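Scroll down for the structure; my scribbles are underneath it.
The values are calculated or read from the model by the stated rules, or taken from the named source; none is laboratory data. Because the structure is predicted, anything quoted here is derived from the model rather than measured. As a convention, Cβ positions derive from the backbone with ideal geometry for all residues, glycine included, and neighbour counts pool all protein chains shown.
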Amino acid sequence: MKRAVVINGSPKLSEKGSFSSFLAQQLSESLRAEKLQVFSYNARAAQKADDLESVFKTMADAEALVFIVPLYFFCLPGNLMRFLTAFETYLKEVPLKGVKVYAMVQCGFPEPEICLEAVQVIRYFAKSIGATFRFGTMIGSGGMVPATIDAPFMRKTRTLLMRTLKRIAEDIGLKDNAPIENIPIRVQFPRRLYFMMGNTQWSSMARKSGLKKRDLYRRPYIY
Ligand SMILES: Cc1cc2nc3c(=O)[nH]c(=O)nc-3n(C[C@H](O)[C@H](O)[C@H](O)COP(=O)(O)O)c2cc1C
């Protein structure tokens, strides 16, 4: 039985409200449906639990690694970068054997292409550890997907997402490594309405934290 490891790179430790957790769950189901043995970890939780050694061993023994990456400030989250660096160091003692790597990157902006740079980071990471990068999935409007996935306007997006999860699962089982294009997944929803809803949500979160709307525009790291 082939083994696949799903790495959730979100800094959120709670699964509630995290699209990365939603993706990790859906993907794990898809992988199991293709008769793969699945291991699923949150990179930050593994770091906090001081559990990296055993997670890295599972990863090094697997046939496939899928990194689920939420975009934070147009980059991979810092906790995931640390995790990748530590894994690379671990592999200096334990080299990989024929592992396939996939990236599922999702972001808050509607345009899935924004995720391309992060896909490239995982692609180069795969190359640096001697693994085979297969393809990336790039998903826009990430935050709204879990709550709306069953709504009629999401039918096309949902179908493409489920098909892509199945494609990853099937590709892991293939011997053939013919190149596959990255897959963009776009939510079909009016852009202006999406931004209006997003702005309302940011303001409401600020209020709940005892802040004013103008506090959202603070630039604490610029002196
Ligand atoms: C602090 C912060 C920074 C973010 N930066 C970006 C960004 O640069 N570009 C983008 O498209 N989305 C950005 N987002 C949106 C997240 O990528 C999006 O909400 C994603 O679904 C979060 O996934 P998670 O809940 O699984 O961590 C940001 C969100 C937060 C909270």
Margin query: Tell me whether region 162-184 contains one or more residues that are touching a helix residue (DSSP H, G or I) at 6+ places or on another chain (Cβ under 9 Å), within 14 Å of the ligand (Cβ to nearest atom) and either of a type in the set (A, V, I, L, M, F, W, C) or at pLDDT below 95 (or both).
Written below: no
Notebook entry, point to check: Quick one: which of Ser54, Ser21, Ser10, Ser40 is among the hydroxyl-bearing types (Ser, Thr, Tyr), out of contact with any His (no Cβ under 8 Å at 6 or more places or on another chain), in contact (Cβ under 8 Å) with a residue 60 or more places away in the chain and in the same structural domain as Phe87 (by TED's automatic domain parsing)?
Noted result: Ser10
Check: Which residues, taken from region 150-168, are over 19 Å from Val119 (Cβ atoms) and within 17 Å of the chain's Cα centre (by Cα)?
Finding: Arg158, Met162, Lys166
